[in-house]
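Remarks on the structure that follows.
The values are calculated or read from the model by the stated rules, or taken from the named source; none is laboratory data. Treat the numbers as computed from the prediction; the structure is a model and nothing was measured. Using ideal geometry, Cβ is built from the backbone for each residue, glycine included, and neighbour counts are taken over all protein chains shown. Just the protein is used for accessible areas: all its heavy atoms, side chains included, with ligands, DNA and RNA removed. Shrake-Rupley method; radii C 1.70, N 1.55, O 1.52, S 1.80 Å.
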Amino acid sequence: MDLLPNVFLYYFVTLGVHCVHQIQWLPCQFTDEHVSLNNEGHVDTQLIHREAMLQFGQKGDAPVNPHAITFLITGSKLDLRRYLDGVEADQLECELRRYSTEGIHVHWPSQEAKEYNRWFTCTLKQNNGLFIVTGFLRHPSDQPPPGQQDYRSWPTIADTEILTTSVAMVTKTQTSSVKATLSSQQRLHCQFAIDHRGANVSVEWHRQHRGERTKLFSHNSRTRQSQGPGVGVKALAGGDASYTLPFTKMNSEGTYICSVSVNPLLGSQDIILQIEEPPRVSLNVGPVLSLLDGTDHKVVCEAENYYPLDVEINWYEQDPALSGQRVGAPLPKMLQNILLSSHKHNQDMTYSVSAFFYLQASLRASGKQFTCSVSHKSLRVPIKKSFILNVEEPTSWKFYLIVFFILSLLLIVLAVMVSALHSATKKSKQNKPY
């Protein structure tokens, strides 16, 4: 009886292990640096892109690609693949870089007493921007750091060298780019993990916009002191450093930087927040506009309270009967005689603009549909507002002549009847004997 539950338990455990460890290697670009001083004494940095492989396994494993630099990630308490949300390898962009500690050497808890470290960063980006993961790779070395400007004398890495590393720290964001409307609440995701307990972790949030950098939040795990709202201190213990904006305003726009520091490492994730407010679109006419043949009317399409500035407004004319055809329906005709007002800058920093034209009514255009189409980067599809033109033929002068003649005749008849009634009344009074 207990066999079946055990089989299911083994199946789900095996499935979970398979999902976590399905990526065994990744092709990467290793961005190496060559730093030198130019003739003016300034530091010149030359970036060199080299072929590399990120390989998961055990110390001593043979490289998957013996012709590339291999960064062999061995087992530690942090498995970088657990932060990849189960995506396939072909959906990831991988970049490796050297990391400078500026000559600082700190004994890492999991290393031997006489070991030094060479540090690298591994950044994994999902192709569609779902997440960015940065791992700090520790490569043990018997050579001490060369000094504060260690980047000037990086140890040479051969084209086929194997670097055995382990993951010491991970930072991640699932909201690298955020588009928010005004007055909305936004949660900027930031996650971190360290490969050992009891680390002195400092977490900070900054907002940078137009050259100004503002501190929003800070917390130190050792002193337990926090400054600023927006981050749950209890959540920090579990590695959740997400920042909450309760009410977005126009000045909320900018780059938000989540920084996690464990000496000598400093990891950060940049989150770009953009305000996108969709326009409110309206017409100055109703669903049906009735005009007399030969007259004209100013038709206005108003796009209000949108942000950012760029907006596109077009007017189209089409036959509504033909537009319902699935096959062979003619495309709407774009009107060319459109005039735009100047942009209005509203008090809430949004914009408004109108597009108008003078519609000349003709019997030929009666029944046509006119549509205003407004496109803006905050909209997936344009907003459209339409009306139907109804043109009536004006009444001719003959009609007015006939009406005038009939009215005149009625007045004459009425005058004759009044005169006759008055004469009859007068004679009646004369014939009375008293």
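Put 136, 404, 356 in order of accessible area, largest first, 1.4 Å probe: what do you get? Kindly include the intermediate steps, with their values, before the conclusion.
Working: 136 5, 404 135, 356 35 Å².
So, going from the largest accessible area down, we get 404, 356, 136.
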Rounded to the nearest 10 Å², what accessible area does residue 417 show when all protein chains are kept and the probe is 1.4 Å? 120 Å²
Specify which residue in the list 137, 169, 422 is farthest towards the positive end of the charge dipole of the chain, using unit charges on the beta carbon of Lys, Arg (+1) and Asp, Glu (-1), about the Cα centre. 422
Kindly express, to the nearest 10 degrees and within the range 0 to 90, the angle between helix 3-20's C-alpha long axis and the longest C-alpha principal axis of the chain. 90 degrees
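Report, please, the projected area of the chain averaged over directions, based on the convex hull of its C-alpha atoms, in nm². Spell out each step's value before the answer.
Details: hull surface 201.6 nm².
Mean projected area of the Cα convex hull: 50.4 nm².
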Between 0 and 90°, nearest 10: helix 397-430 axis offset from the chain longest Cα axis: 40 degrees
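May I ask you to give the percent of accessible area on the chain that is carbon plus sulfur, with a probe radius of 1.4 Å? Can you show the working numbers first?
Values: 14260 of 26430 Å².
Here it works out to 54 percent.
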With 20 Å as the limit, write out which pairs from 215/377; 333/384; 333/385 have Cα-Cα distances beyond it, or answer none. 215/377
What are the aspartates and glutamates whose alpha-carbon lies under 18 Å from the alpha-carbon of residue 234, with same-chain residues fewer than 8 places away excluded? 204
Just the accessible area per residue of the chain, please: how many Å² with a 1.4 Å probe? 61 Å²
Apply 1/(1 + (r/R0)^6) to the Cβ-Cβ distance of residue 160 and residue 202, taking R0 = 30 Å, and write down the FRET efficiency to the nearest 0.05. 0.20
Name the aspartates and glutamates eligible as straight-distance cross-link partners of residue 344: C-alpha to C-alpha under 12 Å, and not fewer than 8 places from it in the same chain. 302, 304
Please list the non-local residues whose amide H lies under 5 Å from the amide H of residue 141, H modeled 1.01 Å from N, same-chain partners needing a gap of 5 or more. 116, 117, 118
Explain nothing, just the number: dipole magnitude of the chain about its Cα centre with +1 on each Lys and Arg Cβ and -1 on each Asp and Glu Cβ, in debye rounded to the nearest 20. 2720 debye
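Let's see if you can work this out: charge +1 on each Lys and Arg Cβ, -1 on each Asp and Glu Cβ, no other charges. What is the dipole magnitude of the range 264-368 about its Cα centre, in debye to the nearest 20? Let's see the in-between values first.
Details: 7 positive and 12 negative charges, 96 e Å.
For the range 264-368, the charge dipole is close to 460 debye.
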The chain, helix-only ellipticity at 222 nm - DSSP H runs n ≥ 4, -39,500 (n - 2.57), divided by all residues, nearest 500: -4500 deg cm²/dmol
What list of ³J(HN,Hα) values in whole Hz, one per residue of the range 332-342 in order, does the Karplus curve 6.51 cos²θ - 1.76 cosθ + 1.60 (θ = phi - 60°) give from phi, with Gly and Pro shown as x? x, 8, 7, 6, 9, 8, 9, 10, 10, 7, 6
Quick one: 3J(HN,Hα) in Hz for the range 85-90, Karplus 6.51/-1.76/1.60 with θ = phi - 60°, rounded, Gly and Pro as x. 6, x, 6, 7, 5, 6
Env charge @ residue 299, Cβ radius under 15 Å, K,R +1 / D,E -1, value +1
